[in-house]
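Colleague: Questions regarding the structure given below will be posed in turn.
Laboratory data are not the source of any read-out in this text; all were calculated from the coordinates shown. For clarity, every value in this text was computed on a predicted model and none was experimentally measured. Here the Cβ is made from the backbone with ideal geometry for all residues, glycine too, and neighbour counts use every protein chain on show.
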Amino acid sequence: MAEIKREFGIDSEVVRGSGGIFVVSIDGKAIFSKKEEGRFPTEREILDKVREQ
């Protein structure tokens, strides 16, 4: 999360869920889903996805 702040100047937050769900979203739009990918994202993947937005 600190890298997102440094690189893009935006704040991010972790919203706790349950059941092993892990989704990264921007403005309500999912950009990464652990359920769909079957794994956690790398930090680089998240930064690249933010750049694409």
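Colleague: May I ask you to verify whether residue 7 is in a helix (DSSP H, G or I) and surrounded by fewer than 10 Cβ atoms within 10 Å (Cβ to Cβ)?
Modeller: For residue 7, the condition - in a helix (DSSP H, G or I) and surrounded by fewer than 10 Cβ atoms within 10 Å (Cβ to Cβ) - is not met.
Colleague: Same structure again: Tell me yes or no: at least one residue of segment 24-37 is touching a helix residue (DSSP H, G or I) at 6+ places or on another chain (Cβ under 6 Å), in a loop (DSSP other than H, G, I, E, B) and surrounded by 10 or more Cβ atoms within 10 Å (Cβ to Cβ).
Modeller: No, segment 24-37 contains no residue that is touching a helix residue (DSSP H, G or I) at 6+ places or on another chain (Cβ under 6 Å), in a loop (DSSP other than H, G, I, E, B) and surrounded by 10 or more Cβ atoms within 10 Å (Cβ to Cβ).
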